[in-house]
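Note sheet for the following structure.
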Amino acid sequence: MTIFKKIIDGEIPAEIVYQDEHCLAFRDVNPQAPVHILLIPRKEITSMAAAGPEDHTLMGHLFLKAAEIARAEGIEANGYRVVVNTGQAGGQTVHHLHLHILGGRALMWPPG
Ligand code: AMP
């Protein structure tokens, strides 16, 4: 079981900023920007690469909610970044699909 599943199940605490029947958003414990939120599906999907056609609606929901959360966090006007680290070279460390929502400062490109 991943640490994110434990957050979904309420077994470990998190600073939740949004939730609905499909997803949950909470602040990253090790923020890389003034605003750093993780948005995860309640469904256990190990990575973006593991999402299938049956997740079509869910994937769209996550991206639309990411935009809503960014707006609610006040980072829309200046701009923000949504990142989905995928697999080892992609820097994924928790094997439950998650969108990083980062903002509140100018973000570098390309990423490291
Ligand atoms: P990734 O490297 O893309 O898999 O991202 C995993 C993220 O989860 C990292 O940014 C961690 O700081 C974050 N993280 C790990 N454990 C927790 C936790 N218990 N609560 C909040 N964020 C966490």
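The values are calculated or read from the model by the stated rules, or taken from the named source; none is laboratory data. Note that this is a predicted model, so its numbers are computed, not measured. Cβ placement follows ideal geometry from the backbone for every residue including glycine, while neighbour counts extend to all protein chains displayed. These area figures cover heavy atoms from the full protein model, side chains too; ligands, DNA and RNA do not enter into them. Shrake-Rupley method; radii C 1.70, N 1.55, O 1.52, S 1.80 Å.
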Cut-off 10 angstrom, C-alpha nodes, Gaussian network model of the chain. Which of Ile69, Ile12, Ile40 fluctuates the most? Ile12
Stretched fully, the stretch from Ala72 through Ala50 gains (0.36 nm per residue minus C-alpha distance, one decimal, in nm) 5.0 nm
Run through the stretch 1-104 and list the GluC sites (Glu not before Pro) located in a DSSP loop whose Cβ has at most 11 other Cβ atoms within 10 Å. Glu11, Glu15, Glu21
When ligands, DNA and RNA are left out and all protein chains stay put, how many square angstrom of accessible area per residue does the chain have with a 1.4 Å probe? 59 Å²
Label-point separation, Thr93 to Asp20 (7 Å along Cα→Cβ), nm: 3.0 nm
Among Ala67, Ala49, Ala14, the residue with the largest mean-square fluctuation in a Gaussian network model of the chain built from Cα contacts under 10 Å is Ala49
Surface/4 of the Cα convex hull for the chain, nm²: 7.1 nm²
Under 8 Å for C-alpha pairs, at least 6 residues apart: give me the relative contact order for the chain, rounded to a whole percent. 31 percent
Skipping prolines and chain starts, which residues have an amide H placed within reach, meaning under 5 Å, of the one on Cys23, given they are 5 or more residues away or on another chain? Arg42
Within the chain, what whole-number % of the accessible surface is contributed by carbon and sulfur, with the 1.4 Å probe and all protein chains included in the calculation? 55 percent
